[in-house]
1. Using 7 Å Cα-to-Cβ label points, what is the residue 419/residue 167 separation (nm, one decimal)?
2. Of the accessible area of the range 343-392, with the probe set at 1.4 angstrom, what percent is carbon plus sulfur?
3. Which order do the peptides 75-81, 98-104 take when ranked by the mean count of other beta-carbon atoms within 10 Å per residue, highest first?
4. Past 32 Å, Cα to Cα, is the threshold; run 183/271; 110/164; 110/378; 314/385; 39/385 against it and keep the listed order.
5. Could you tell me what percent of the accessible area of the range 74-174 is made up of carbon and sulfur, with a 1.4 Å probe and every protein chain present?
6. Quote to one decimal, in nm, the extra length available between residue 366 and residue 53 on full extension: 0.36 nm per residue of separation minus the C-alpha distance between them.
7. Sorted by average packing, counted as other Cβ atoms within 10 angstrom per residue and highest first, what order do 423-429, 274-280 take?
Amino acid sequence: LVAPRRHGRAGAGAPPAPHRAAPISALEQPQKSFTQELKESLVYWIVGLVLFVLAFPILWINERNAAEMEAVLYHARQECLSLPPATVDAENDGALVHMVGRTLVTAALKDPDFADLQVFDTVRLRRQVEMYQWVETRQEREKPGARQGETETEQTFTYSKEWKSYWVDSDQFRDATAQQVYKNPGAPACGFEAEVEAPEVQFGPSDPGDTADSAAPFRLSPGLAAQVTRGWAPVPAPHYLQGKGMAFVDGVCRADQGGGAEPGVGDVRIKFEQIECGPTTVMALQDGRSFLPYRAVSRGVWCFPDRSAENLRKHLLAAGRQTSDELVESKQQDLGSMSCLCFLSNFVEGACAAVNTPQIEYLSQAHEDSAQVFRAIKADSSMRKWLFRGVGWVVMYLGQYLTFSPLITLLSVIPLLNKLVAASIFLLCGVTTALASLCVAGV
């Protein structure tokens, strides 16, 4: 779809010629003094020390979360109930359930800026906008300078018209002449991207006829609904669409109303896509007609003198209702040897609570049995564990290497010794990082 703009075709005419900027010398670079390099190395030493200390809570919290996730999976395999989503049984509140069915959305989904566009039985609707604009491309070429031994970098800027999903500010073009010749209009009033999610996504049997008359479908929790991200399909545009001062007729309209074959600078085209309701598999903790994350709870005799199923489910529901902030606060009580790094541990704990919480709140946009679900959760858990291990190793290694910056700078006056020491430090940091990581994992 292409929208009209209230202006002519900026920069129309013959193809633009390349603009050459003044050459930039690559030789006359002032060399830093030894004192300046030493000051910079001290800054690197401070940064390295912070990174080295930060690596310990990253590794420790990740190993703790990985062990906790193994416990969650162990108990989940024993307690999971595979049930049809046709009825809501209060006896299953607080139980980990595995259900295969279909997502349902009863209300129409509308674009916030184009009210005439509405879709049904859709979980998500998004709008993607592109505008035809002038774009600057820079090319660099080195050539001999005016004096012997010098080199100069010659920059050449070329300009072409392209569809872009973001606004190109022509006032920021490097060439001053091009700023006047190749002028882009302002960004479209509707923006370049928007996404709408159904306020309530329900979950029921694949065959609506299987639903009992007295039972309404389940409702997906926000955490489950956020996992519906695959299967974008185009939405047919209506004959006439208007909004934000822009009009679309039969999907084609030019900025100058000329109706030519080629688009003009300032033309806008819009694409709408949707994720329709479809087959869905859910594994999570049942909470009435909705779901919660299934998390680890203490199952020891000291915390649960009465180890009945009812008592356990109450604790599972309480754990599932905890917010991210409450989870971080509860985890701080288990810092142990990391208590001396409280500030950094709080920072890492908050980051992990958002992306690496040991829990089961699983949704798949396909029909999967419980064995397939557990395999997928196990694979995802393993990937996150090794990802955070890698982050911790890199942070620790980089921190250690930076702490040696003053020593490397002091030895820079002896070239051969400097290279030998730098290579030795490189190997030393690798060995100590591996040993420290193993020690943290064993705590």
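1. Result for the modelled spin labels: 5.3 nm.
2. 64
3. So the order, starting with the most tightly packed, is 98-104, 75-81.
4. Too far apart for the 32 Å limit: 110/378; 39/385.
5. With neighbouring chains kept in place, the figure for the range 74-174 is 44 percent.
6. Result: 108.3 nm gained on full extension.
7. Packing order, densest peptide first, comes out as 274-280, 423-429.
The values are calculated or read from the model by the stated rules, or taken from the named source; none is laboratory data. All of these numbers come straight from a predicted model, not from anything done at the bench. As a convention, Cβ positions derive from the backbone with ideal geometry for all residues, glycine included, and neighbour counts pool all protein chains shown. Only protein heavy atoms, including side chains, enter the accessible area calculation; ligands, DNA and RNA are left aside. Shrake-Rupley method; radii C 1.70, N 1.55, O 1.52, S 1.80 Å.
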